[in-house]
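The values are calculated or read from the model by the stated rules, or taken from the named source; none is laboratory data. Since we're looking at a predicted model, the values are computed, not measured. A quick note on method: Cβ atoms are made from the backbone with ideal geometry, for glycine too, and the neighbour counts reach across all protein chains shown. What goes into the accessible areas is simple: the full protein's heavy atoms, side chains included, and nothing from ligands, DNA or RNA. Shrake-Rupley method; radii C 1.70, N 1.55, O 1.52, S 1.80 Å.
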Amino acid sequence: MIQKEKKGILIVSFGTSIEETRKKTIDAFETIVKKAYPDWEVRRAFTSEMIIKILKKRDGICIDTIQEALDRFREEGFTHLLIQPTHIINGVENNRMLHLLRRNRDSFVSMRIGTPLLTSPEDMEEVIAGIMEDYRALPSDTGVLCLGHGTDHYSNFTYPAFEYTARRMGYSRLFIGTVEGYPDIETVISHVLQSGCKKMILLPLLFVAGDHARNDMAGEEPDSWKSRLNASGIQTTCVLKGLGEYPAIQHLFLKHMERA
């Protein structure tokens, strides 16, 4: 007897406990995926168990882990899966996901996996162009600074490569720094001062504008990026807009799904 195809899509995100940004990013992207794949069942999983626990206890919202989502797909007879992470780089979170998916691959006829946002040089070009679409007429004394998460994983090279690609594309006043990797905020401040920029627009290079964006980047504490830059004589404007809100980034993730 030939098994009937039953197709599912799993969108994997780190997650966020902030409802406002979740609706604008994760929810919005999943809605777009549902429109693009009307014959597929679209579900979500978060990788942060802490966020899953917060949402369940505080809001009564139950979000699956990746394993829980896979188990439910298998128990309900799904045969073909397409998994798309909203991860930015091919780092620790993505590697953990891949390891888990490989262990479960034989439970399905087919399992296809999309790549993170910044996987190829072409990806970087599309993301940079998508971000800078909002800042095509910057004053000569103003730059754009993107806050990335950063990692001690070797994939951290993606961030300096991102800024190098921006320079090659002609964006001499687009900078990037990381919270937990390189370039750190001290390096960023040095580069900004050397550039002659007097003002900086701060943006998160994160899928959601969550805690890192609201606290590490735009917080009022003296060690936030905004405070550090202000103390160095640089005026700042913080934009709490996650990458998941940009149409160009949403479209790029869909392209990764199509390739998978």
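A few notes on this one:
- For segment 235-260, a tally of residues being in contact with a helix residue (DSSP H, G or I) (Cβ under 6 Å, 6 or more places away or on another chain), open to solvent by less than 50 Å² (accessible area, probe 1.4 Å) and in a loop (DSSP other than H, G, I, E, B) returns 2.
- Criterion: acidic (Asp, Glu), under 29 Å from Glu19 (Cα atoms) and at pLDDT below 95 - qualifying residue of Asp211, Asp223: Asp211
- On the stretch given as segment 135-150, residues that are surrounded by 15 or more Cβ atoms within 10 Å (Cβ to Cβ) and either touching a Phe, Trp or Tyr at 6+ places or on another chain (Cβ under 8 Å) or at pLDDT 95 or above (or both) total 9.
- If you check Phe78, Phe73, Phe14 for being within 22 Å of Thr178 (Cα to Cα) and hydrophobic (A, V, I, L, M, F, W, C), only one passes: Phe14.
- When the residues of segment 168-222 are filtered to those that are touching a residue at least 40 places away in the same chain (Cβ under 8 Å) and among the β-branched types (Val, Ile, Thr), the one that is surrounded by the most Cβ atoms within 10 Å (Cβ to Cβ) is Val208.
- When the residues of segment 94-127 are filtered to those that are of a type in the set (Gly, Ala, Ser) and in contact (Cβ under 8 Å) with a residue 12 or more places away in the chain, the one that is surrounded by the most Cβ atoms within 10 Å (Cβ to Cβ) is Gly114.
- Selection within segment 128-137 - touching a residue at least 60 places away in the same chain (Cβ under 8 Å) and aliphatic (A, V, I, L, M): Ala129, Ile131
- Considering Lys24, Lys53, Lys7, Lys35, the condition of being at pLDDT 95 or above, surrounded by fewer than 19 Cβ atoms within 10 Å (Cβ to Cβ), under 16 Å from the mean Cα position of the chain (by Cα) and not hydrophobic (A, V, I, L, M, F, W, C) is satisfied by Lys24 alone.
- Count of residues meeting criterion [more than 30 Å from Leu147 (Cα to Cα) and surrounded by 19 or more Cβ atoms within 10 Å (Cβ to Cβ)] in segment 71-91: 3
- Scanning segment 4-57 for residues that are of a type in the set (S, T, N, Q) and without any contact (Cβ under 8 Å) to a residue 24 or more places away in the chain returns a single hit, Thr31.
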